[in-house]
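Shown next, in structure tokens, is the structure this report addresses.
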Amino acid sequence: MSSQRRSYESGHQPKSLVIVDDTAEWDRAVYYASRWSARVGGGVVMLRVIEIPDQNQQWLGVADVMRAEAIEIAEQALDRASGRANGVSGITPERVIREGETIAQARAVIEEDADITRLILAASDGPEGPGPIVTAMVRHLGNFPVPVVMVASSLTDDDIDALA
């Protein structure tokens, strides 16, 4: 990994990474990242990770169809999230679709873009826990390459406006 973030050097800008998944709280992370980025003149990178089952040669055609469907769904999710970010702050986020495990792919995106200075996640306040990504991230916080910001899903737009 790049040992040094370059986001504040000439020709660079700080960026937030947001993971867009199927949880209800993704909107809180997008809203926070968009507001923060608008205030500091930064950017937003939106990541959607798709999981494709192992490809067995005899099922290769089925896997290709599944991949195409997953990419289409990912594009639709990123369209919604990008529209939200643009509506909140007038920014056009970068969009990334990856295959694999979410935390590993988030780390890879961060390693490839030295301008990413933070990962923004939203935590659910529901009885089932904070959500799958937040739960998985807890094991990696001690050695994650950038700060991780957790936004409570109970925060309103006005609450976030006062914070970011």
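Brief remarks follow.
- ³J(HN,Hα) computed for each position of the range 139-151 - Karplus, 6.51 cos²θ - 1.76 cosθ + 1.60, integer Hz, glycine/proline x: 5, 10, 4, x, 10, 7, x, 9, x, 10, 9, 9, 9
- Chymotrypsin sites (Phe, Trp or Tyr not before Pro) restricted to the range 1-34 and DSSP loop, no more than 13 other C-beta within 10 Å: Tyr8
- To put it simply, the accessible area of the range 1-49 at a 1.4 Å probe is 43 percent carbon and sulfur.
- On Cα atoms only, tilt of 102-112 relative to the major axis of the chain in degrees: 60
- Candidate values (1) 15.1, 46; (2) 21.5, 69; (3) 16.2, 55, label of the one derived for Rg and Dmax of the Cα atoms in Å: (3)
- Carbon + sulfur, % of accessible area of the range 59-115 - ligands and nucleic acids excluded, 1.4 Å: 55
- Take the chain with all the other protein chains still there, run a 1.4 Å probe, and you get 52 Å² of accessible area per residue.
- Sum of side-chain charges, Asp115 neighbourhood, beta-carbon under 14 Å (Lys, Arg +1; Asp, Glu -1): -1
- Shown in residue order for the range 63-69 are the 3J(HN,Hα) couplings computed by the Karplus curve 6.51 cos²θ - 1.76 cosθ + 1.60 at θ = phi - 60°: 4, 5, 5, 4, 5, 4, 5 Hz (x for Gly and Pro).
- Solvent accessible area, Å² - Leu163, 1.4 Å probe, full protein context: 110
The values are calculated or read from the model by the stated rules, or taken from the named source; none is laboratory data. Since we're looking at a predicted model, the values are computed, not measured. Backbone-built Cβ (ideal geometry, glycine too); neighbour counts: all protein chains shown. For the accessible areas, the whole protein counts, side chains as well, though only heavy atoms, and no ligand, DNA or RNA atoms are used. Shrake-Rupley method; radii C 1.70, N 1.55, O 1.52, S 1.80 Å.
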